[in-house]
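Asker: Take this structure, written in C-alpha cells, and hold onto it; I'll ask about it next.
The values are calculated or read from the model by the stated rules, or taken from the named source; none is laboratory data. A quick note: this is a predicted structure, and the numbers were derived from the prediction, not measured. Ideal geometry is used to build each Cβ from the backbone, glycine not excepted, and the neighbour counts take in all protein chains shown. Side chains included, ligands, DNA and RNA excluded: accessible areas come from the protein's heavy atoms. Shrake-Rupley method; radii C 1.70, N 1.55, O 1.52, S 1.80 Å.
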Amino acid sequence: MTTTAPASTDSKLTEQQYEVRRRRTFAIISHPDAGKTTLTEKLLLYGGAIQMAGAVHAKKNRRQATSDWMELEKQRGISITSTVLQFPYSGHVLNLLDTPGHQDFSEDTYRTLVAADSALMLIDNAKGVEPQTKKLFHVCRQRGIPIFTFVNKMDRPGKDPLELMTELEDVLGIRSVPVVWPIGDGDLFRGVYDRLNRQLHLFERGDGSTASRTVETDLTGEAVDSLLGKAAADKLREDLELLDVAGEPLVPEKVLMGEITPMFFGSAMTNFGVELLLSKFIEMSPPPMPRLSEKGDVFPEESEFRGFVFKIQANMDPNHRDRIAFLRVVSGRFEKDMTAFNARSNKSIRLTRPQKLFAAERETVEEAYPGDIIGLTNPGAFQLGDTVCTGPALRFQGFPRFAPEHFAVLRNRKTEKYKQFQKGIQQLSEEGVVQLFHERNAARTEPILGVVGQLQFEVIQFRLLSEYGVETHLDRTPYSFARWATGTPEAIQNAFWGSGTRRVEDDDGHLVVLFESEWGMNYLI
Ligand code: G4P
C-alpha cells in the first residue's frame, strides 16, 4: 500500500519537488521509560547517523554541560534541551524532532509538535497509554496530523494486543489498525506477522543476542505450524481472522487525517520490528505539508522561501551568550546568507551562521528544504511564532500557546536588581520558557508565572540568577488550570466565577481565569 509518492528520481520532478517528496518530519511521543531513547538510537543506526549502538544513551547518561545554565541539566541528569536529528534512510531524508518527555516536560515539548508533520506514538506493552502520552497525543490530534503507534518491549510480558487496541480507543478515542500483529509476548514472543505483505518475521533468540528471519508464508499451510508450533499458529490465524472481520480497514486517507492509527509491535532494545516500522512509516506518512497563512495555504513546492520559528533556545554556547531560533522551513529553498523578511518586526535580516543540530553539536547548513529545521543565531531578531520569508510578506497562522498547569508568584529579593529582574523575565517569556500573568489593574511588579512542567520554575530561577544576577523567591499557588475568557464586558461583569478561581491578565491584557480544579473549570465553562 502506498499513500504518498515515494522519493523518486523521476526526471520530470523539479529539484524542489524531489527534495520535498523525500522528506519526513516527525516526532516521537511517549511517556518516560517507554523506550524513546532506545528507539531513536535504532532509527539512527538504520540511517547510518551513528556508528555505534549506545551513542544516544551515552549522551543521555553522560551529559556534558555545554553552557552554564545547563549545569542544572547536569545536576539533575536530565535533558532540558530538545534536539533535532536529521538522517537519511532509503533515499529519504528524515527529520526527527526530539520532544523532552521526562520531568522536563514543558511547553517546548508541545511546541515541537507544531513543527512535525506526523507523530510516532510509543507505548510500553505492559503499561499501555500513560499520562504524558495522552497529553502529547491530544496536541497531535488537535493539529490533525497522522499518528503511528509502536507497541514496544514485546520481548517482555505485556497486555493482550486486543486489549491495547481497546485501550487506545477508550482512552485516546482513536481506532487502531494493526499493520503487523504480534505472536505471543515475553518469553513466548515469536515475532510478528506483516498483514500487508503477508510475511512472518520471526524473532529468534540466540545466545545473548537476537536475530530475525523473514518468511513469506501462506497461513493455511502446515509450514506455519512447524515454524510456530500448532497452538501459536492457531492463535495467530484466529486473531487475524478476527481483525479481518471486525477490525477497521487501513484507509490511507483516514491515516493522513489522523482518524485511525496504523499499529506496529516490536522490541526496540533487541532491534526487532524497527526496520519494518521505519519502512512502512516512510510509505504511509506524509511529506512536508502546506501551512495556513493569512493569505491562504503555503505549499512546500512554492519557490519563495518561508518558514516559522517554533522554538527559541538560549545560551547553548557559553562563548556567545546567544539565542538560537529554530525555524521550520515551509516552502522554497533556504540558502546560507540569504536575506529574508520578518513580517512581525518589518525588518530584513541576513540569515548568517545557520545551524543544523545534532544534540549539542552544531554544523553549519548551506541549504535546507521544506520539512527541515534550521537554527538561526541572529541575536534578538526572532520571537516565537515569527514568519521569516522572501517575496511578498505574509504570516503563518495558528501558532498556539498552551495552557500552563503550574502557577507561582515570582518575587525579586533585592530591590536594586529591579531592572535586571524585569529584563530577565521579559526575555524568558519571549523565549517561551514561561508565560507571565499579572494582577488585574495593578502595577506589573510581581508576575505570576505559568508553566507546563514544574521543572521550568527551577530553570527560570536558575537562569535569572546565573544570567541576570537576580535572586528570586517563588510562592506556589494552588491553581492548576488556566483558560482565556472572552465575552462582552457585560457578560464578563455578570459572570459567576465561583470559588477556587482567580482572575488575572496575560502580558497583552487579556482576561485569564485560573482554576484550582478541573471540576471547577468545567463547571464555569
Ligand atoms: P525513554 O527514553 O523513553 O525514557 O526510555 P529508554 O529508551 O531509556 O528505555 C527505558 C528502559 O526500557 C531502558 O532500560 C531500556 O533498555 C528499556 N527498553 C527499551 N526498549 C526495550 C525493549 O524493547 N525491551 C525491553 N525489555 N526493554 C526495553 P533501563 O534498564 O532503564 O536502562 P538501560 O540500562 O537498559 O539503559
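Asker: Can you find a residue that is touching an Asp or Glu at 6+ places or on another chain (Cβ under 9 Å) and at pLDDT 90 or above anywhere in the stretch 383-390?
Answerer: yes
Asker: Can you tell me how many residues in the stretch 293-310 are free of Cβ contacts under 8 Å to residues at least 60 places away in the same chain and either closer than 20 Å to Gln383 by Cβ or aromatic (Phe, Trp, Tyr) (or both)?
Answerer: 1
Asker: If you go through the stretch 26-40 one residue at a time, how many are in contact (Cβ under 8 Å) with a residue 40 or more places away in the chain, within 6 Å of the ligand (Cβ to nearest atom) and among the polar types (S, T, N, Q)?
Answerer: Matching residues across the stretch 26-40 total 2.
Asker: Out of the stretch 362-411, which residues are of a type in the set (Phe, Trp, Tyr) and part of a strand (DSSP E or B)?
Answerer: Phe396, Phe407, listed by residue number.
Asker: Quick one: which helices (runs of 4 or more DSSP H) lie wholly within the stretch 412-496 and hold at least 2 residues that are acidic (Asp, Glu) and open to solvent by less than 50 Å² (accessible area, probe 1.4 Å)? Don't jump to the end; show me each part of the working.
Answerer: Working: elements: 418-431, 455-468, 489-494.
Result: empty, no element qualifies.
Asker: Next question. For the condition at pLDDT below 80, open to solvent by 10 Å² or more (accessible area, probe 1.4 Å) and aromatic (Phe, Trp, Tyr), what is the one hit in Phe341, Phe358? Give the derivation first.
Answerer: Values: Phe341 fails: at pLDDT below 80.
Of the residues listed, the single one that is at pLDDT below 80, open to solvent by 10 Å² or more (accessible area, probe 1.4 Å) and aromatic (Phe, Trp, Tyr) is Phe358.
Asker: Just to check your reading of the model, which residue among Gly158, Gly173, Gly128, Gly184 is more than 21 Å from Lys42 (Cβ to Cβ) and touching an Asp or Glu at 6+ places or on another chain (Cβ under 7 Å)?
Answerer: Testing whether each residue is more than 21 Å from Lys42 (Cβ to Cβ) and touching an Asp or Glu at 6+ places or on another chain (Cβ under 7 Å) leaves just Gly128.
Asker: Conditions first: (1) more than 33 Å from the chain's Cα centre (by Cα); (2) open to solvent by less than 50 Å² (accessible area, probe 1.4 Å); (3) under 22 Å from Ile123 (Cβ atoms). Pro262 passes all but one, so which condition is the exception?
Answerer: All conditions pass for Pro262, except number (1).
Asker: Here is a list of conditions, (1) among the charged types (D, E, K, R); (2) within 16 Å of the ligand (Cβ to nearest atom); (3) at pLDDT 80 or above, and Lys60 meets all of them except one; can you say which number that is?
Answerer: Here Lys60 clears every test but (3).
Asker: All but one of (1) open to solvent by less than 30 Å² (accessible area, probe 1.4 Å); (2) touching a residue at least 40 places away in the same chain (Cβ under 8 Å) hold for Leu162, so report the exception by its number.
Answerer: Single failed check for Leu162: (1).
Asker: Here's a follow-up. For the stretch 290-299: of the residues being among the hydrophobic types (A, V, I, L, M, F, W, C) and surrounded by fewer than 20 Cβ atoms within 10 Å (Cβ to Cβ), which is modelled with the highest pLDDT?
Answerer: Let us first name the residues in the stretch 290-299 that are among the hydrophobic types (A, V, I, L, M, F, W, C), namely 292, 298-299.
Subset that is surrounded by fewer than 20 Cβ atoms within 10 Å (Cβ to Cβ): 292, 299.
Details: Leu292: 93, Phe299: 97.
Per the criteria, the residue is Phe299.
Asker: How many residues does the stretch 476-507 contain that are over 20 Å from Gln426 (Cβ atoms), modelled with pLDDT of 90 or more and touching a Lys or Arg at 6+ places or on another chain (Cβ under 8 Å)?
Answerer: Of the residues in that region, 3 qualify.
Yes/no matrix, rows are residues, columns are (1) modelled with pLDDT under 90; (2) β-branched (Val, Ile, Thr); (3) more than 27 Å from Phe148 (Cβ to Cβ):
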position	(1), (2), (3)
Val192	no, yes, no
Arg198	no, no, no
His201	no, no, no
Gly206	yes, no, yes
Thr217	yes, yes, no
Gly221	yes, no, yes
Asp244	no, no, no
Glu248	no, no, no
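Asker: From the set of residues in the stretch 251-304 that are of a type in the set (Asp, Glu) and not in a loop (DSSP other than H, G, I, E, B), which is nearest to the ligand (Cβ to nearest atom)?
Answerer: Per the criteria, the residue is Glu275.
Asker: In the stretch 128-151, what residues are open to solvent by 20 Å² or more (accessible area, probe 1.4 Å) and within 12 Å of the ligand (Cβ to nearest atom)?
Answerer: Listed by number, the residues that qualify are Glu130, Gln132.
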